[in-house]
Amino acid sequence: MELLFNQNVQFYLVAYLLGGIPFGLLLAKFFAGVNIKESGSGSIGATNVLRVVKETNPALAKKLGAATLALDAIKGIAVVLAAKYMGFDESVQWMVAVLAVVGHCFSPYLWFEGGKGVATGMGVMAVMLPIPTAIALVVWAVAAKTIRISSLSSMLGLTALVVASFVMYPTMFHAPVVFIAFILFYKHIPNFIRLFQGEEKQVA
């Protein structure tokens, strides 16, 4: 029980629980009356919100997709900024970042299922590694515009972030970055399978 009164542990729990909030699921249910866990890819992220809601309300789909993307990123940004503000050292900040992403990908509110983690991952990385994240966003934007396959564009951006972090900060302890990247790649395995089978859909 004493462990639960440890401030670091308390913050880790907050990071995980906050990261686990399924904004896409909540927004789609409340505003569009659809359960995105039972439609499309079954993911709770912005891309699936956009695809599922677009079938009945294209205008609303764009708004909910954008809101989901923003909120998933903000929950990652907020919890890491809070850790910085409270004076936790960098190792604790990285642990908070990791747990926010884990929470999104394996949500305690969805029986440990969740989203792909891209928006939340980019959110925490924007605070911890702003320049590599900016590079990743440029790569993602170019790929999204040309390839128009959300999963592939996201993974190209993530790869750019990891490479940039190693090049720009060679002496940094990269384990948290690699771990977050591993989770995101793992969650995209179904997308890679569909991609190799030629079944991965483009985002219109």
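All of the numbers you see were taken from the coordinates with simple rules; none came from a lab. Keep in mind it's a predicted model, so treat the numbers as computed, not measured. Every residue, glycine among them, receives a Cβ derived from its backbone with ideal geometry; neighbour counts consider all protein chains shown.
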By average C-beta atoms within 10 angstrom, highest first, the peptides 94-105, 21-32: 94-105, 21-32
Positive-pole candidate from Phe112, Ala28, Thr171, dipole of the chain, charges at beta carbon: Ala28
Residue-averaged [θ]222 nm for the chain, counting only DSSP H segments that reach four residues, each worth -39500 (n - 2.57): -22000 deg cm²/dmol
Distance in nm between pseudo-label sites at Leu17 and Ala59 (7 Å out along the Cβ direction from Cα): 3.9
Within straight-line cross-link reach of Lys84, lysines at Cα separation under 29 Å, skipping those fewer than 8 residues along the same chain: Lys75, Lys116, Lys187
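Give the order of Val178, Val124 when sorted by the count of other beta carbons within 10 angstrom, beginning with the fewest.
Numbers: Val178 13, Val124 32.
Placing the least packed residue first, the sequence is Val178, Val124.
Using Cβ counts within 10 Å as a stand-in for footprinting exposure, how do Thr56, Thr47, Thr159 rank, fewest first? Mind showing how you got there, number by number?
Working: Thr56 11, Thr47 24, Thr159 14.
Lowest to highest Cβ neighbour count: Thr56, Thr159, Thr47.
Compute, for the stretch 8-196, the length of the dipole vector about the Cα centre, with Cβ point charges of +1 (Lys, Arg) and -1 (Asp, Glu) only. Units Debye, rounded to 20. The partial results should precede the final answer.
Working: 13 positive and 6 negative charges, 122 e Å.
The calculation lands at about 580 debye.
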Angle in degrees between helix 150-168 and the longest Cα principal axis of the chain, rounded to the nearest 10: 30
